[in-house]
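Heads up, the thing below is written out as structure tokens.
The values are calculated or read from the model by the stated rules, or taken from the named source; none is laboratory data. Just so it is clear, the structure is predicted and the values come from calculations on it, not from any experiment. Every residue, glycine among them, receives a Cβ derived from its backbone with ideal geometry; neighbour counts consider all protein chains shown. The area values use the complete protein model at the heavy-atom level, side chains included, leaving out ligands, DNA and RNA. Shrake-Rupley method; radii C 1.70, N 1.55, O 1.52, S 1.80 Å.
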Amino acid sequence: MAQQHGYPRRRFIQLGVSILTVGASAPALAGSGDLAVIVHANNHASLLPSEIEAIFRATKRHWANGDPIVPFNLVPQTAERTLFDQTVLGLSPAAVARYWIDRKIRGGAPPPRAVPNAGIALRVVASLATSIAYVPPDLLTSDVRAVALIRNGALASARARSAPWEDV
């Protein structure tokens, strides 16, 4: 009988530790940082903000040349991911989770793959010609190309602007 109570108690303690860990590591409300939406340096696509949203909602799945788009998200609960989801998708972290659960139930495309940090996202996009991700602008290198910028809670794409970005 004691073992029957041991498992739920152990599970309850593990759950409590998980909640405390997530709460302690949860980011402050995003909005203070900037993000650059990046593609491989040889990818000459230009994207409107609505197309970027469609890519990260898995409703736009191919580049204009027919190649599959491989989007990468940062892991949930990071400041960058929260900022991206709120600005590009218009969704809170909880709403994003519900969106992907609904898509899975309805047999939709899977969510973008998650990478643990912006440095890895940059390296993946630099090495995979059909990929897209987002990183802080100070990480940009010549191996990737910024197609959009999130600044002050707004998304602006290079396609929507008349001149190339000089400040990215």
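Per-structure values
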| item | result |
| --- | --- |
| Residues of the stretch 49-65 that turn out to be outside any helix (DSSP H, G or I) and modelled with pLDDT of 95 or more, as a count | 7 |
| Those residues of the stretch 56-83 which are open to solvent by less than 40 Å² (accessible area, probe 1.4 Å) and not small (G, A, S), in sequence order | F56, W63, I69, V70, P71, F72, N73, L74, T78, R81, T82, L83 |
| Counted residues, the stretch 123-138 - those being open to solvent by 20 Å² or more (accessible area, probe 1.4 Å) and outside any helix (DSSP H, G or I) | 4 |
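Condition check ((1) among the small types (G, A, S); (2) open to solvent by 60 Å² or more (accessible area, probe 1.4 Å); (3) in contact with a Phe, Trp or Tyr (Cβ under 7 Å, 6 or more places away or on another chain)) across all residues:
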site: D85; (1), (2), (3): no, no, no
site: P93; (1), (2), (3): no, no, no
site: I101; (1), (2), (3): no, yes, no
site: K104; (1), (2), (3): no, yes, no
site: A121; (1), (2), (3): yes, no, yes
site: L140; (1), (2), (3): no, no, no
site: V147; (1), (2), (3): no, no, no
site: L155; (1), (2), (3): no, no, no
